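The values are calculated or read from the model by the stated rules, or taken from the named source; none is laboratory data. Source: prediction; values computed, not measured. All Cβ positions, glycine included, derive from the backbone under ideal geometry; neighbour counts span all protein chains shown.
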Amino acid sequence: MNALLTEKHHQIRAKVREFAQKVVKPVIGEYDEREEFPVALVREMGKLGVLGMHVPEEYGGQGSDYLSYLIAIEEMARVDSSMAATLAAHNSLGVGPFLDFATPEQKARFLPAFCTGEKLWAFGLTEENAGSDAKGVETTARLVGNEFVVNGSKKYITNGGSDISAGMTTLAITGEKDGKPELTAILIEKEREGFVREPMKGKLVWKAADNAMLYFNNCRVPVENQLGERGNGFKIMLKTLDSGRLSIAAIGLGLAQGAFEMATAYAKQRKQFGQPLAKFQVIAFKLADMAVKIETARNMLYQACWQKDNGLPFTTQSAMAKLYCSEIAREVADEAVQILGGAGLFRNPEWPIERFYRDQRLLQIGEGTSEILRMVISRSILAE
Ligand SMILES: Cc1cc2nc3c(=O)[nH]c(=O)nc-3n(C[C@H](O)[C@H](O)[C@H](O)COP(=O)(O)OP(=O)(O)OC[C@H]3O[C@@H](n4cnc5c(N)ncnc54)[C@H](O)[C@@H]3O)c2cc1C
């Protein structure tokens with residue numbers, strides 16, 4: 001029970017939980033094993049109404065608050081992180097910048113197809129030399145007449161390479177201002193000539209999600225595809241990451257919840273020394289510690305989200321929630337493996353904790369590593 005939740009939030013939780021249990025859970029392990037992106041499941045998520053769910057109704061969305069959307073991610077991650085990541089990257093990184101910075105024409109042109117599962121959209125910041133240090137971006141977009149000519153590459157991009165990925169918002173250097181590179185956000189559709197996409201395989205985590213290397217070779221894009229003002233790319237990135245971090249936190253929370261439930265069920269049924277594991281106090285206390293962490297994480301995340309939904313500053317709270325939820329996801333998944341013993345160390349459709357244990361590892365790295373988040377949080381504390 002959480003004081004911030006309304007009847008509508010409970011309904012969304014029930015709806016997504018049922019979908020995740022009945023549609024995703026039975027098949028996702030096989031996609032993970034094959035490292036295959038399940039396009040059919042993404043289309044089903046579109047029908048469920050969770051893609052673009054916080055998009056206003058006039059552009060085809062549900063007009064939901066952000067908390068509803070985070071609950072949807074949490075429920076998806078309780079069953080599988082690849083699908084939760086697909087949802088989070090599309091809604092927060094793909095759709096988010098449109099809601100905050102697109103013109104009415106751009107919204108009308110792009111958003112409706114992002115709400116149905118017909119098309120996914122990505123956000124491309126990371127490059128070979130621009131990871132934690134976003135100012136290291138080297139991709140350029142030179143304005144020639146009324147077109148940008150884009151050259152460079154982007155790395156690891158979620159929802160960047162599949163058949164239903166329609167393109168991405170790219171951060172590129174469009175010139176120089178006050179002696180510093182001027183960064184601008186540009187919308188690049190996959191059909192643009194000179195845009196090459198290469199799915200990345202061999203991941204430890206999110207094996208059923210789509211991550212891609214993207215290359216621009218004299219890729220020409222009309223100037224109408226500029227998102228926000230010229231030179232505003234850094235601001236767009238910061239605002240997008242503030243919300244994106246809430247969604248990564250929700251994946252951590254949902255993953256921890258799923259791992260905890262698995263460990264609890266296993267501890268109740270597995271017998272050693274003539275009794276269920278749960279009867280041993282050392283195991284029961286592990287479960288108690290897991291439950292405390294999850295409850296704390298949930299309260300912290302929902303509070304940060306409430307601040308966003310109510311137009312209050314939430315940058316520090318979002319960084320704190322992402323740091324905490326991702327770190328407890330690691331701790332809870334690790335203890336869950338311990339409780340399952342040897343059964344936790346093999347691929348196992350009945351007890352898929354091995355996948356959860358792998359998937360949590362991205363959460364302390366993507367959208368701000370734990371080290372970078374501690375920098376964000378400590379700067380805000382020291383500035384007070
Ligand atoms: C599966 C996956 C999906 C992703 N999806 C996207 C996406 O959709 N779009 C996108 O743009 N990017 C995406 N990324 C990129 C992701 O956001 C970056 O991996 C992340 O920001 C870290 O950058 P890096 O990997 O280059 O690590 P680095 O920045 O090289 O960091 C390596 C290590 O050094 C530490 N470090 C770096 N700087 C400092 C410092 N100043 N002080 C202390 N420690 C420091 C880091 O904390 C980390 O531990 C994705 C990555 C993965 C793996």
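Note on region 202-235: residues that are loosely packed, with under 14 Cβ neighbours inside 10 Å and within 12 Å of the ligand (Cβ to nearest atom) amount to 2.
Name the residues in region 128-164 that are in contact with a helix residue (DSSP H, G or I) (Cβ under 9 Å, 6 or more places away or on another chain), at pLDDT 95 or above, more than 11 Å from the ligand (Cβ to nearest atom) and under 16 Å from Glu198 (Cα atoms), would you? Ser162, Ile164 - these are the residues of region 128-164 that are in contact with a helix residue (DSSP H, G or I) (Cβ under 9 Å, 6 or more places away or on another chain), at pLDDT 95 or above, more than 11 Å from the ligand (Cβ to nearest atom) and under 16 Å from Glu198 (Cα atoms). Identify, please: which residue in region 120-133 is in contact with a Phe, Trp or Tyr (Cβ under 8 Å, 6 or more places away or on another chain) and surrounded by 22 or more Cβ atoms within 10 Å (Cβ to Cβ) and is, among those, nearest to Pro97 (Cα to Cα)? Among residues in region 120-133 that are in contact with a Phe, Trp or Tyr (Cβ under 8 Å, 6 or more places away or on another chain) and surrounded by 22 or more Cβ atoms within 10 Å (Cβ to Cβ), the one nearest to Pro97 (Cα to Cα) is Trp121.
Looking across region 360-383 at every residue that is under 17 Å from the mean Cα position of the chain (by Cα) and hydrophobic (A, V, I, L, M, F, W, C), the one that is farthest from Val205 (Cα to Cα) is identified as Leu373.
Please pick out the residue among Glu350, Glu354, Glu327, Glu367 that is outside the structural domain of Tyr156 (by TED's automatic domain parsing), at positive phi and either buried (at least 18 other Cβ atoms within 10 Å of the Cβ) or without any contact (Cβ under 8 Å) to a residue 12 or more places away in the chain (or both).
Working: Glu350 fails: at positive phi; Glu354 fails: at positive phi; Glu327 fails: at positive phi.
Criteria check complete, one pass: Glu367.
Here region 14-59 is the region considered, the condition is being of a type in the set (Asp, Glu) and under 22 Å from Met200 (Cβ atoms), and the residue that is surrounded by the most Cβ atoms within 10 Å (Cβ to Cβ) is Asp32. The strands (runs of 3 or more DSSP E) located wholly in region 124-185 include none with 3 or more residues which are closer than 17 Å to Ile236 by Cα, touching a Leu at 6+ places or on another chain (Cβ under 6 Å) and in contact (Cβ under 8 Å) with a residue 60 or more places away in the chain.
The residue that is nearest to the ligand (Cβ to nearest atom), counting only those in region 330-347 that are surrounded by fewer than 24 Cβ atoms within 10 Å (Cβ to Cβ) and of a type in the set (Gly, Ala, Ser), is Gly344.
Annotation note: Cβ proximity below 6 Å between a residue of region 244-267 that is touching a residue at least 24 places away in the same chain (Cβ under 8 Å) and assigned to a helix (DSSP H, G or I) and a residue that is of a type in the set (Ser, Thr, Tyr) and buried (at least 22 other Cβ atoms within 10 Å of the Cβ) (sequence gap 6+ or interchain) occurs for Gly244/Ser92; Arg245/Ser318; Leu246/Ser318; Ser247/Ser92; Ile251/Ser81; Gly252/Ser326; Leu255/Ser81. For region 186-201, filtering for residues that are in a strand (DSSP E or B) and surrounded by fewer than 18 Cβ atoms within 10 Å (Cβ to Cβ) leaves 4. Residue check: is Gly368 more than 30 Å from Gln307 (Cα to Cα) and either within 16 Å of the ligand (Cβ to nearest atom) or small (Gly, Ala, Ser) (or both)? When the stated conditions are applied, Gly368 does not pass them.
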